[in-house]
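Here the structure comes first, spelled out in structure tokens, and everything after it is commentary.
The values are calculated or read from the model by the stated rules, or taken from the named source; none is laboratory data. Keep in mind that this is a model prediction, so the values were computed, not measured. No Cβ is skipped: glycine too gets one built from the backbone with ideal geometry, and neighbour counts run over all protein chains shown.
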Amino acid sequence: MMEVLFVGGFAGNIGHDLHILYTLSAVQVALFDMLDVLNIDKVSNYISGLQNEDGSFYGDIWGEVDTQFSYTAVCCLSILYRLDKIDVDKAVDYIVSCKNLDGGFGCTPGGESHAGQSIYVAFTVSSSLYHLLSISHTYQPILFSLSHRSILVRVPSALLAAHVVFFLQSQL
């Protein structure tokens, strides 16, 4: 574990590649009275180093880009009070570029709309709510997409989607 803390990111196991998803999990676990164990500067530097010029984030050294990694980065840096380490404007702009005509969001621009991606987008952008308020026309398509896709597809994602819909409606 000490070797991983030195680098800043976390892996699923010893000898595995560092990944932003495991890093968020480690930070969330550390919230239980263990944040002092983390080297917050190194963790936040690791995450900020995963942001691409277009505002997107990749998950690891292999370069896969996905809106869930944007959520993970914003969530992790919010917990650590280090959102200033990334370009939040570009992150939000990238996420908005993943919006499709049906109101849903894909993993990347032009990617198929998926309820899970719409939830990641809603949570990510809600962390930067002032951006959504300036582009409030984004809310209604997200609500439409969530209510017509995930609620009819799976009960667990329906519950999560209902929570997101409630949150977004409360912000209108």
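Against the list (1) under 16 Å from the mean Cα position of the chain (by Cα); (2) at pLDDT below 90, the condition residue 60 fails is (2). Within the span defined as segment 96-111, one or more residues are in a helix (DSSP H, G or I), under 15 Å from the mean Cα position of the chain (by Cα) and not basic (Lys, Arg).
Would you confirm whether or not segment 27-38 contains a residue that is within 27 Å of residue 111 (Cβ to Cβ), assigned by TED's automatic domain parsing to the domain that holds residue 89 and of a type in the set (Asp, Glu)? The answer is no; no qualifying residue exists. Pull up segment 36-57, narrow it to residues that are within 13 Å of residue 88 (Cβ to Cβ) and more than 11 Å from the chain's Cα centre (by Cα), then point me to the one that is surrounded by the most Cβ atoms within 10 Å (Cβ to Cβ). Filtering segment 36-57 for residues that are within 13 Å of residue 88 (Cβ to Cβ) and more than 11 Å from the chain's Cα centre (by Cα), the one surrounded by the most Cβ atoms within 10 Å (Cβ to Cβ) comes out as 47.
Looking across segment 4-57, the residues that are hydroxyl-bearing (Ser, Thr, Tyr) and either farther than 12 Å from residue 76 by Cα or in contact with a strand residue (DSSP E or B) (Cβ under 6 Å, 6 or more places away or on another chain) (or both) come down to 22, 23, 56.
Tell me whether segment 70-83 contains one or more residues that are outside any helix (DSSP H, G or I), assigned by TED's automatic domain parsing to the domain that holds residue 20, in contact (Cβ under 8 Å) with a residue 40 or more places away in the chain and within 23 Å of residue 39 (Cβ to Cβ). Even if it seems obvious, please write down each step before you answer.
In the first step, residues of segment 70-83 are kept if they are outside any helix (DSSP H, G or I); the result is 80-82.
Restricting the remaining residues to those that are assigned by TED's automatic domain parsing to the domain that holds residue 20 gives 80-82.
Next, from what is left, pick out any that are in contact (Cβ under 8 Å) with a residue 40 or more places away in the chain: 80, 82.
After this cut, where a residue has to be within 23 Å of residue 39 (Cβ to Cβ) as well, the list is 80, 82.
So far as segment 70-83 goes, yes, one or more of its residues are outside any helix (DSSP H, G or I), assigned by TED's automatic domain parsing to the domain that holds residue 20, in contact (Cβ under 8 Å) with a residue 40 or more places away in the chain and within 23 Å of residue 39 (Cβ to Cβ).
On the basis of being under 18 Å from the mean Cα position of the chain (by Cα), modelled with pLDDT of 90 or more and not small (Gly, Ala, Ser), does residue 90 make the cut? In short, yes.
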